Amino acid sequence: MLQIDNTIISFDVLEEQFLCDLNTCKGICCIEGDAGAPLEKEEVEIIKNILPVIWDDLTDASKAVIEKQGVCYIDQEGDTVTSIVNGAECVFTYTDENGICKCAIEKAYREGKIDFYKPISCHLYPIRLQQYNKFTGISYHQWKICECARICGRKAQLPVYKFLKEPLIRKFGQEWYNQLEIAAEELKKARKNK
């Protein structure tokens, strides 16, 4: 484990390799699972406010769930998560012309309609955050459905933290990320010298 400021980072984030392969997986991470994506408190209000902008990109099933229970719910662990359809797919998904499941929130952001990218938990995946008293734990989540991303990551020699540079900077800032890069290089040197 590595500590930077009030974060504790698993070495897997620095050493494992990852690169999404949407053509292979078809965005299945937005469909699989038993709960929605974790939401930070302020994200709930943001999503409620942008809902009219993304509404037309949502499926009828998603609209029905949102009308019934809202954009989020509290899961079994007591966390606020995005609402899901049929116990699986996120209500904010849509399928593009290539059959790839994507995020309607991100689509609106890329089209310049909103200034919110998407929930930080989605943007950071496969990194998961765990809040402790004074620290945020940062770990790499290995899910079997992401095997193609691990294969692509190994081919590209792309560590998880480099793949997720943009969302890590979004969440923790540029200075924090600079420290992470230095730590990764030091760890790499130390592993070689063993």
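The values are calculated or read from the model by the stated rules, or taken from the named source; none is laboratory data. The structure presented is a predicted model; accordingly, all values stated were derived computationally and were not measured. Cβ: placed from backbone, ideal geometry, glycine included. Neighbour counts: every protein chain shown. For accessibility, only protein heavy atoms count, side chains too; no ligands or nucleic acids. Shrake-Rupley method; radii C 1.70, N 1.55, O 1.52, S 1.80 Å.
Residues in segment 56-74 that are of a type in the set (Phe, Trp, Tyr) and at positive phi: there are none. Tell me yes or no: at least one residue of segment 150-157 is open to solvent by 20 Å² or more (accessible area, probe 1.4 Å) and among the β-branched types (Val, Ile, Thr). Checked segment 150-157: at least one residue is open to solvent by 20 Å² or more (accessible area, probe 1.4 Å) and among the β-branched types (Val, Ile, Thr). Just one of the listed residues (168, 180, 187) is open to solvent by less than 40 Å² (accessible area, probe 1.4 Å), at pLDDT below 90 and assigned to a helix (DSSP H, G or I), and it is 187.
For every residue, the table says whether it meets (1) under 24 Å from residue 129 (Cα atoms); (2) at pLDDT below 95; (3) out of contact with any Cys (no Cβ under 7 Å at 6 or more places or on another chain); (4) of a type in the set (Val, Ile, Thr).
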position: 12; (1), (2), (3), (4): yes, yes, yes, no
position: 26; (1), (2), (3), (4): no, yes, no, no
position: 30; (1), (2), (3), (4): yes, yes, no, no
position: 59; (1), (2), (3), (4): no, yes, yes, yes
position: 73; (1), (2), (3), (4): yes, yes, yes, no
position: 78; (1), (2), (3), (4): yes, yes, yes, no
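Could you tell me which numbered condition residue 97 fails, if it satisfies all but one of (1) without any contact (Cβ under 8 Å) to a residue 40 or more places away in the chain; (2) over 18 Å from residue 10 (Cβ atoms); (3) out of contact with any Phe, Trp or Tyr (no Cβ under 7 Å at 6 or more places or on another chain); (4) in a helix (DSSP H, G or I)? Only one criterion is unmet by residue 97, namely (4). Which residues, taken from segment 100-152, are assigned to a loop (DSSP other than H, G, I, E, B) and under 16 Å from the mean Cα position of the chain (by Cα)? Across segment 100-152, the qualifying residues are 116, 117, 118, 119, 125, 126, 141, 142, 143.
Sub-6 Å Cβ pairs linking a first residue in segment 101-118 that is over 17 Å from residue 49 (Cβ atoms) to a second residue that is open to solvent by less than 30 Å² (accessible area, probe 1.4 Å), at least 6 apart or interchain, are 101/27; 101/93; 102/27; 102/96, ordered by first then second residue. Looking at segment 107-132 only, could you name the residues that are within 15 Å of residue 62 (Cβ to Cβ) and surrounded by fewer than 19 Cβ atoms within 10 Å (Cβ to Cβ)? 107 - this is the single residue of segment 107-132 that is within 15 Å of residue 62 (Cβ to Cβ) and surrounded by fewer than 19 Cβ atoms within 10 Å (Cβ to Cβ). Considering segment 81-111, and only residues there that are touching a Gly at 6+ places or on another chain (Cβ under 9 Å) and hydroxyl-bearing (Ser, Thr, Tyr), the residue that is farthest from residue 36 (Cα to Cα) turns out to be 95. Scoring residue 88 on the criteria (1) open to solvent by 20 Å² or more (accessible area, probe 1.4 Å); (2) touching a helix residue (DSSP H, G or I) at 6+ places or on another chain (Cβ under 7 Å); (3) touching a residue at least 12 places away in the same chain (Cβ under 8 Å) leaves a single failure, condition (2).
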